[in-house]
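*Asks:* Take this structure, written in structure tokens, and hold onto it; I'll ask about it next.
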Amino acid sequence: MPKNPKLKSILIIGSGPIVIGQACEFDYSGTQALRSLREDGIETILINSNPATIMTDPSMADHVYLLPLTTKSIIKILKEHPQIDAVLPTMGGQTALNLCIEADEKGIWKDFNVEIIGVDIAAINITEDREQFRELMLKIGIPMAPQATATSYLKGKEIAQEFGFPLVIRASFTLGGAGASFVHKEEDFDELLTRGLEISPIHEVMIDKALLGWKEYELELLRDANDNVVIICSIENMDPMGIHTGDSITVAPAMTLSDRTYQRMRDMAIHMMRSIGDFAGGCNVQFAVSPDEKEDIIAIEINPRVSRSSALASKATGYPIAKIAAKLALGYHLDELQNQITKSTSALFEPTLDYVIVKIPRWNFDKFEGSDRVLGIQMKSVGEVMGIGRSFQEALHKATQSLEIKRNGLGADGKENKDYNQIIEKLTYASWDRVFIIYDAIAMGIPLSRIHEITKIDMWFLKQYEELFLLQKEISTYKIDTIQKDLLLEAKQKGYGDRQIAHMLGCLESQVYNKREEFGVNRVYKLVDTCAAEFKAQTPYYYSTFESDMETADGNRYPANESVVTDKKKIIVLGSGPNRIGQGIEFDYCCVHGVLAAAECGYETIMINCNPETVSTDFDTAHKLYFEPVFWEHIYDIIKHEKPEGVIVQLGGQTALKLAEKLTKWGVKIIGTSFESLDLAEDRGHFSNLLKENNIPYPQFDIATTADEASAIADVLDFPILVRPSYVLGGQGMKIVINKEDLEKHVVDLLSQMPGNQLLLDHYLEGAIEAEADAICDGEDVYIIGIMEHIEPCGIHSGDSNAMLPPFNLGDLVMQQIKDHTKKIALALKTVGLINIQFAIKDDVVYIIEANPRASRTVPFIAKAYGEPYVNYATKVMLGHNKVKDFNFNPQLNGYAIKQPVFSFNKFPNVNKKLGPEMKSTGESILFIDSLKDDEFYEIYSRRKMYLNK
Amino acid sequence: MKYQKRQKAIILLADGTIFYGKAVGNKQGTAFGEVCFNTGMTGYQEIFTDPSYYGQLMVATNAHIGNYGVNADEVESDSIKIAGLICKNFSYVYSRVDAEGSLESFLDKNNLLAISDVDTRALVSYIRDNGAMNAVISTDVDNIEGLKKQLLEVPDMDGLELASQVSTKEPYFVGNENATYKISVLDLGIKKNILRNLAKRDAYIKVFPYNATFEDLEAFKPDGYFLSNGPGDPEPLVEAQALAKEIIKRDLPLFGICLGHQVIALANGVSTYKMHNGHRGINHPVKNLMTGKGEITSQNHGFAVNREEAEAHPDLKVTHVHLNDHTVAGLAMKNKNCFSVQYHPEASPGPHDASYLFDQFIENIKKN
């Protein structure tokens, strides 16, 4: 049966602000779903409160509602659009499902005659209510771990007595494992049980017998209305049971499953999906497999919706799960749809991979001082990267190179841990550095059997690590002049960076690079095509690798490359890498718009990024996608291959920006603002001179490299003083100190963490108002796209502040200063493209805190509030395609828009929630208010006093 | 453990194209066959021991091969049947509690030559674009001209009868002799899991050599007849075709898989042809035209049944089609108790979506 003709207008619910456990993967899935529905001529209506998303662009849906995700908003939308036939709640994570259920319970869908598609409520209820789910599984013969439900403290205690320890406590109806914990010892049980009960909205926890050390797997399924089910991807967690899958290093396809066990798992997954209800769409099933000869399989959970894992599976296989799931929700059958990659075969099939992907989560524990850094069943990571390679080892290396934590890969970078006790401790209590510690443990000579005994990581993975280390040892016996081609090729095939090889050979990175050129050991690009090259693919989704040669019958010998370079003019956009605090989805929004704008200007667009959650890494965003680490070596090789007109760095946040220097040094053109200007803005001394020359005030400051210097500076500047390292992200290490003792402590602390770094000491303008402006400049004209006033006083990181657009109580005089300063600075910095400037306002004087000639976190927010495509304009200006005066700016906003920060503190119960100069929020939402009499504004504003009184 | 340097090896295609790699386990040797690729991500042991692959050089597209070692009860016949293995990363190490040894030692025991570190993706793309062809893998990398000459002597797969090479020499029995049903099986290169699937459905089975006659099979007094999978071209299998005709003539329950399916088509006068590069993998989509449902199937064939002729045939109906290229995936005879599929409902390796076909066969037997 083709699509249901009754469905003409569909409401999609987004996932709201980014929090731990629910990140930009839902922008990716929502965006795909909207495009997919539109292809079928469906009218789309979207609700999402997150302004930093592509999906909320006016062009993405017929009607976009940037409203809080509440049933009140739903009712408003349904009243305004009585034509809505159905709601698709499976694209917006648990948030969307929960809102859908709430609306269902209140009878709203029924009142407005709206059908729920893509899932059925009964299915959600079954999968979320662990007791019901368990009963159902037992009924259909699917084994589960011993488990029981407690709705009271007393009942919980009884269960613990029965099962014994270790146990797992999971709170019902929560996100990303919130309220979940491992209980190893009886004495910890009371506290953790209480917390679980409190966190669950229905005051219910599930207590499981812990399957510590069992191998963990996930399958991604799609089902159509004709009950056809296919498995899109199998994912193996390298970290066994005990670490949340969102915090696990995961690998696809599954590496250590025999066909027999895999097929049993496949059968179980299909059986489970069919058993929970009758719906067409995506589904994720998690399993544990016993690490013994029995290979028993136990079901962990099932999620009847698009998930973080399905986003990963889409990127891992090339199969666009959300896009197809949206079509299935319309009533299409899989066999009526095309494989989107080959465009010649059926969507009813199971992708096969001829490469391996490794996902590594990205944590931000440094932002959550006092947090428990040990990984467990509650998710703590804020982002993730994916590496694609022709072997597990290559993929693992590429993923570690993508993390941007100043590591060059596994080992051979001089950063290895060599402390036996620390290594054992870190193997026992996994944290963010587990992926590196395993290598260090092997390098130290700790037997694999011991590492396995502690970590329970499958021996196959550990042996892959060991092979890497043996190769490193072998290479280290050579010098740059003596190394042979075969060995160098093998090192590159296993993912070692030139820098690491240089480290092993005791030479310079450039020498290794030259040696590679000499030997012809060059990167080739391969396609992600869902079918292991069985069919010709149409989709330009590439990754790099190194291959042995082929030789044609007429003697032409070369490694085979699939990325054919066209003769069109090309622009490369550098992505922003893994999400982290201070650099999130906003920059992906900017990159996507940069790509689209460059395409409008007639360029072939090339995207480089390594974050699988994003829209920028969707295969139909840019003309060509290179899913590669935003790591110098990979980028330079792509540039060498593609020979673009230039590279856009100012849209991808600090990740892309910090590559500007090297690009310039190697003669690659930076599109828009030059590296010199970027550097000038970053260098506090030079920047202050520029301000001085332009008669623009700034807080008194100085630069220190030792505690002594800092102390001397403090005598001049007066306390309070804001101390921060230069060249950091999201206010990392930033602190306000009020006396010499504090100052010394913080300076010593920072210098020990970042030896050799310069520290900036600013006189802190106490009680000042903070404001910021974003502008587009073409070098001659400046257009200010928005000025925002922070509700919180100066001293709270701008990313953590509530920002009002336009300002609500700045006088004309102040506003004029802001405008004048912004224009002067933008021109003085020779900005071409976007610039963000932050101000402190005290006694009607506007001081400059900092200027960043790049896309900022607030650009998407302003674009959404005013309904204007600012990144598009800015990109066209950068490319020299347009001047600022070419655009007919027409911002539309009644009243005010507030950018509200959203935090994920519930994942870190012991962390200091106090806000300060270091950013802690993970996401944001937008709130429109008509006037300052609005209750919500009043409430936020009243909190300002609290900060001032401190 | 020490770093191991591996010896050079090549694969040379009949058209002169060469792909470079390394010899697995530093074994020396040369092996000839038709090069084909399998896209399955699991089940290498089942694939290597599947008699249908007899005489073929197998390219495994999965990035790693050998990860979980080998296990005695996951074989599809008594020995490795492929002529040689070509892969990207050969896993010398393995991890599985239940495994009996490494893939390397299994290949050694079967004296099979394997080469690794080949750009298998480029090779597969090449076969896809240029069709399946004969090839040689060898560690004799300095003797390309000599290998080319030898390669010329390898017979073409088109028209080649291979079932006789892998069929049992003597009849044998499988299952419980007190089972409800008795089935006579013609072994053209049968996979063990077909027999397991039949035995599991309460059948006692007698397996006959490829050239057995109807009388031989009938003497077992079977309730049903089965024609197995196997290697090579179905056309030269005239004895098997005559046998099929006889069973059909008497309207006895008949089921054929893969080569058996092709033999049934030929017995009905429908021709078969050699495909460009065949279907080999465990992700092949098939639509059951009787129910309208899709199934993900395990496939392994280089020949196929002519669809136009099958559709035009008054006694045949096409029951299943391959969703990617719309080739015939299943046939049934309109007024006879006979059906067949091109793919592998016994899986092993692969999904179990089509195991209902064995139930259907038993139902057909019951109906009789």
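Bear in mind that the values in this text are calculations on the coordinates, not laboratory data. Note that the coordinates shown come from a computational prediction; the quantities given were computed from them, not determined experimentally. Please note: Cβ atoms are built from the backbone with ideal geometry, for glycine as well, and neighbour counts cover all protein chains shown.
*Asks:* For segment B:1-130, what is the percent of antiparallel DSSP beta bridges, rounded to the nearest 5?
*Replies:* 40
*Asks:* Right, here's the next one. Cut-off is 10 Å between beta-carbons; in what order do A:GLU467, A:GLU676 appear when sorted fewest neighbours first?
*Replies:* Ascending Cβ contact count within 10 Å gives the list A:GLU676, A:GLU467.
*Asks:* So how far, in whole Å, is the C-alpha centre of segment A:443-504 from the one of segment B:24-59?
*Replies:* 29
*Asks:* Less than 14 Å Cβ to Cβ from B:LYS249, Lys/Arg counted +1 and Asp/Glu -1: what total charge do the surrounding residues give?
*Replies:* -2
*Asks:* With a ≥ b ≥ c the root eigenvalues of the C-alpha gyration tensor of segment A:215-351, is it rounded (a/c under 1.5), prolate (a/b larger than b/c) or oblate?
*Replies:* Taking the square roots of the gyration eigenvalues as a ≥ b ≥ c, segment A:215-351 is prolate.
*Asks:* Here is a further query. Taking the alpha-carbon centroid of each part, what is the distance from segment A:105-135 to segment A:886-950 in angstrom?
*Replies:* Spelled out, the Cα-based centre of one part sits 33 Å from the other.
*Asks:* Here is a further query. Could you list B:VAL174, B:VAL75 so that the one with the fewest beta carbons within 10 Å of its beta carbon is first and the one with the most is last?
*Replies:* So the ranking, lowest neighbour count to highest, is B:VAL174, B:VAL75.
*Asks:* Within 13 Å, Cβ to Cβ, of B:ALA132, how many net charges do the neighbouring residues add up to if Lys/Arg are +1 and Asp/Glu are -1?
*Replies:* -4
*Asks:* Let me make sure I get this right: for the protein assembly as shown, a, b and c are the square roots of the gyration tensor eigenvalues over alpha carbons, sorted descending. Under 1.5 in a/c it's rounded, otherwise prolate if a/b > b/c, else oblate. Which is it?
*Replies:* prolate
*Asks:* Among A:ALA252, A:SER307, A:ASN284, flag the residue with its Cα farthest along the positive direction of the charge dipole of segment A:215-351, charges on Cβ as +1 for Lys/Arg and -1 for Asp/Glu.
*Replies:* Toward the positive end, the furthest listed residue is A:SER307.
*Asks:* List A:THR70, A:THR149 from most exposed to least, where exposure is judged by having the fewest other Cβ atoms within 10 Å.
*Replies:* Fewest to most other Cβ atoms nearby, the residues stand as A:THR70, A:THR149.
*Asks:* Under a crude label model (7 Å from the Cα following the beta-carbon direction), how far is A:LYS106 from B:ASP108 in nanometres?
*Replies:* Placing both labels 7 Å beyond Cα along the Cβ direction yields 7.0 nm.
*Asks:* Based on DSSP H runs of at least 4 residues, each adding -39500 (n - 2.57), what is the mean residue ellipticity at 222 nm of chain A after dividing by all its residues, to the nearest 500 deg cm²/dmol?
*Replies:* -10500 deg cm²/dmol
*Asks:* How much length, in nm to one decimal, is gained on full extension between A:LYS6 and A:ASP935, taken as 0.36 nm per residue of separation minus their Cα-Cα distance?
*Replies:* 330.3 nm is the gain from fully extending A:LYS6 to A:ASP935.
*Asks:* Another question, if that's okay. Report ³J(HN,Hα) in whole Hz for each residue of segment B:188-195, in order, from the Karplus equation J = 6.51 cos²θ - 1.76 cosθ + 1.60 where θ = phi - 60°; Gly and Pro get x.
*Replies:* For segment B:188-195, the Karplus-derived couplings read 9, x, 6, 8, 4, 6, 5, 5 Hz, x marking Gly and Pro.
*Asks:* Would you mind calculating the relative contact order of chain B from Cα pairs under 8 angstrom and at least 6 residues apart, reporting the percent as a whole number?
*Replies:* 15
*Asks:* What nm value, rounded to one decimal, do you get for the distance between A:ARG38 and B:ALA219 when each label is placed 7 Å out toward the C-beta?
*Replies:* If labels sit at A:ARG38 and B:ALA219, their model points lie 7.4 nm apart.
*Asks:* For B:ARG250 and B:ILE144, calculate 0.36 nm times their separation in residues minus their Cα-Cα distance, and state this gained length in nm to one decimal.
*Replies:* Extra length available between B:ARG250 and B:ILE144 comes to 32.6 nm.
*Asks:* Would you mind getting me the FRET efficiency between A:LEU813 and A:ASP372? Use the beta-carbon distance for r and R0 = 41 Å, nearest 0.05.
*Replies:* About 0.25, to the nearest 0.05.
*Asks:* Regarding segment B:8-152, what is the average projected area of its C-alpha convex hull, in nm²?
*Replies:* 7.7
*Asks:* Net charge around B:ARG121, counting only other residues with Cβ within less than 11 Å of its Cβ (Lys, Arg = +1; Asp, Glu = -1)?
*Replies:* The answer is -2.
*Asks:* Okay, next question. At 25 °C and 0.890 mPa s, what whole-number value in µm²/s does Stokes-Einstein give for the translational diffusion of chain B, with Rh from the Kirkwood sum over Cα pairs?
*Replies:* 117
*Asks:* Relative contact order (percent) for segment A:768-949, with alpha-carbon contacts under 8 angstrom and 6 or more residues of separation?
*Replies:* 26
*Asks:* Follow-up. Taking a spot 7 Å from the Cα of A:SER726 along the direction of its beta carbon, which residues of segment A:845-866 have an amide N less than 16 Å from it?
*Replies:* Residues A:850-853 fall inside that zone.
*Asks:* OK, next. Treating only the Cβ atoms of Lys and Arg (+1) and Asp and Glu (-1) as charged, compute the dipole magnitude of segment A:768-949 about its Cα centre; round to the nearest 20 debye.
*Replies:* For segment A:768-949, the charge dipole is close to 480 debye.
*Asks:* Does segment B:163-367 classify as rounded, prolate or oblate by the C-alpha gyration tensor (a ≥ b ≥ c root eigenvalues; a/c under 1.5 gives rounded; else a/b over b/c gives prolate, otherwise oblate)?
*Replies:* In terms of gyration-tensor shape, rounded.
*Asks:* Say each of A:ARG274 and A:SER476 gets a label point 7 Å from the Cα, pointing the same way as Cα to Cβ; how far apart are those two points in nm?
*Replies:* 5.5
*Asks:* With charges set only on the Cβ (+1 for Lys and Arg, -1 for Asp and Glu), what does the dipole of segment B:124-232 come to about its Cα centre, in debye to the nearest 20?
*Replies:* About 580 debye.
*Asks:* Tell me the mean residue ellipticity at 222 nm calculated for chain B from its helices only (DSSP H runs of n ≥ 4, each -39500 (n - 2.57), averaged over every residue, nearest 500).
*Replies:* Mean residue ellipticity, 222 nm, calculated: -6500 deg cm²/dmol.
*Asks:* How large is ³J(HN,Hα) for each residue in segment B:96-107, as worked out from phi by the Karplus curve 6.51 cos²θ - 1.76 cosθ + 1.60 (θ = phi - 60°), to whole Hz, x for Gly and Pro?
*Replies:* Karplus-based 3J(HN,Hα) across segment B:96-107 equals 5, 4, 7, 6, 9, x, 7, 5, 4, 5, 5, 5 Hz.
*Asks:* Rounded to the nearest 0.05, what FRET efficiency is calculated for A:SER752 and A:LYS913 with R0 set to 22 Å and r the Cβ-Cβ distance?
*Replies:* Efficiency for this residue pair is about 0.25.
*Asks:* Using each residue's phi in segment B:62-75, evaluate 6.51 cos²θ - 1.76 cosθ + 1.60 at θ = phi - 60° and report the 3J(HN,Hα) Karplus result to the nearest Hz, with x for Gly and Pro.
*Replies:* Taking θ as phi minus 60°, the curve returns 4, 5, 10, 10, x, 3, 10, x, 10, 9, 4, 9, 10, 9 Hz for segment B:62-75.
*Asks:* To the nearest 20 debye, what charge dipole does chain A have about its Cα centre, counting +1 at the Cβ of each Lys and Arg and -1 at the Cβ of each Asp and Glu?
*Replies:* Result for chain A is approximately 680 debye, rounded to the nearest 20.
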